[in-house]
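This report refers to the structure that appears directly beneath it.
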Amino acid sequence: ERMNTKRIAGVSRGHEAGTGYLHRRVPTPLWVFVLISIFIIAVTVQSVLVVGVLNGSIDSIIYNNEMQQQLRRPSRRLTDGDMSKSSGARPILDDTTNVPIPKHRDGTPLGVEERLRYLELKANAYLNFGSDPFFGSTVQSQCSNTTDLRPYGCIPGADGYEDGVPMQKNCPGFYDHFICLDHLPDGHIPAQDGDVTGVEEPPDNNLRTQRKTKLQEAPCLVYDFGIRDMPTFGAAMAKSFGCEVHAFDPSPVSIEWWASARAKPLRDLPNYFFHPYGAGGIDGDLTLNEYDWGQVSIIRYPDHMVDCTKYDASKKGQGQGCKLKTTGGQKTFTLPVKTLPTIIKELGHEGRTIDVMKVDVEGSEFAFLENMFDGTGGCPDFIEQLAIEWHHMPWDARYGEGSSPSINAIVTLLHTCGLKMFWQHSPGGWRSPEKIYVDLDMKDVRYNLASFHRER
């Protein structure tokens, strides 16, 4: 009892004094404060990250919606104001010194989606990043009535004609390009006495009137690029089919021929026109080089060649075996060229269909056609047929003959636009037989012929 009384009294006294063991204050350990601080920091950082992700997602959604709306809107070129609103205010890459901005025929730039697909077609076809590495040398269409125009011009008295030689082998080198007659007007095959029926030569004093009348009646329009002094393709289209024919060639041999008596029959035709400028990827003067057959070409010879005619395997050291030898270079010519859009505009042919376009321009076909694609939104839908001679094309080393990156890119674009190959000389073409190209190790100087038409 005394013990209990003491304990109760002690508790009571301790409670009153505030010093009892039930109310004793114990110091909080430091690690508790550290844990609490870490927890608060972690929660704060997590909150910031969540807010940032949400903001980023919202911005991304807004941006994607804006891009989708942009793609759905009609084609419109971005302005500086548009770019300044975008992230980083990226500058517009509108320097067209070397690479033009692709446009539609009316001059409006392609939309973003169109430009991406156009680039995809060119790049993938060139890189052979597609389904067929031989696409550019594969016939994709059929024509029921093809002709190289030989029956319409290779007659007695014509250049290259030989008596007793079968028609398919006669006039060699004068009729190389094939066209499809399925949808062209009927042509008149000349009699074998040398007379050409169809378009009659008008008297000189009435040429202007005759020409105006014939042009109004012409059933077809033909562009003939690259004629040298052998205009047999355009002559047959003008005389036998009555087409309005425009021939183009800036080479000195062509200028001389047009002024000579040999060209008088064509000068007198009311529907045949010669233009002393060439096909190019620019509008202006272009430096061209002397070439085979008295022609000019964009191709350049190297300044030096390796001469091994006096090679001695027993001799060692620099210059003791094969030697470097200067080639002497090429004679150059500064001549006018024009792009297809400019030619069409200057001749007043906007809105008209080019029924046949022949391109045989000694290597300038690549720049000419590439510019044509860039100026027509990637699709020259006003051309019905294209007959072309390819020059100077390398092979893709992975696939070999018939797989040319340059040709694959152009043929892919033609095919996408509806112009499909219906004839070619051979899948691989042929190398130049000229010794100079062997000496200069220019193994890619090779040629091929192909023809395309728009299926109906």
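Just so you know, all these numbers are worked out from the coordinates, no wet-lab data involved. Given the structure is predicted, the values throughout are model-derived calculations rather than measurements. Cβ coordinates were reconstructed from backbone atoms using ideal geometry, including for glycine residues, and neighbour counts include every protein chain displayed.
Note on residue 438 and residue 104: the extension gain reaches 116.0 nm, defined as 0.36 nm multiplied by sequence separation minus the Cα-Cα distance. Given their separation in residues at 0.36 nm each and the Cα-Cα distance between them, residue 142 and residue 167 gain 6.7 nm when the chain is fully extended.
With a ≥ b ≥ c the root eigenvalues of the C-alpha gyration tensor of the range 294-415, is it rounded (a/c under 1.5), prolate (a/b larger than b/c) or oblate? Prolate, since a/c reaches 1.5 and a/b exceeds b/c.
For the range 213-276, the direction-averaged projected area of the alpha-carbon convex hull comes to 3.8 nm².
With R₀ set to 45 Å, the beta-carbon distance separating residue 129 from residue 44 gives a calculated FRET efficiency near 0.35.
Computed from the alpha carbon positions, the gyration tensor of the range 214-329 leads to an equivalent ellipsoid with semi-axes of 46, 14, 12 Å, biggest first. Taking label positions 7 Å along the Cα-Cβ direction at both residue 261 and residue 332, the computed distance is 3.9 nm, reported to one decimal.
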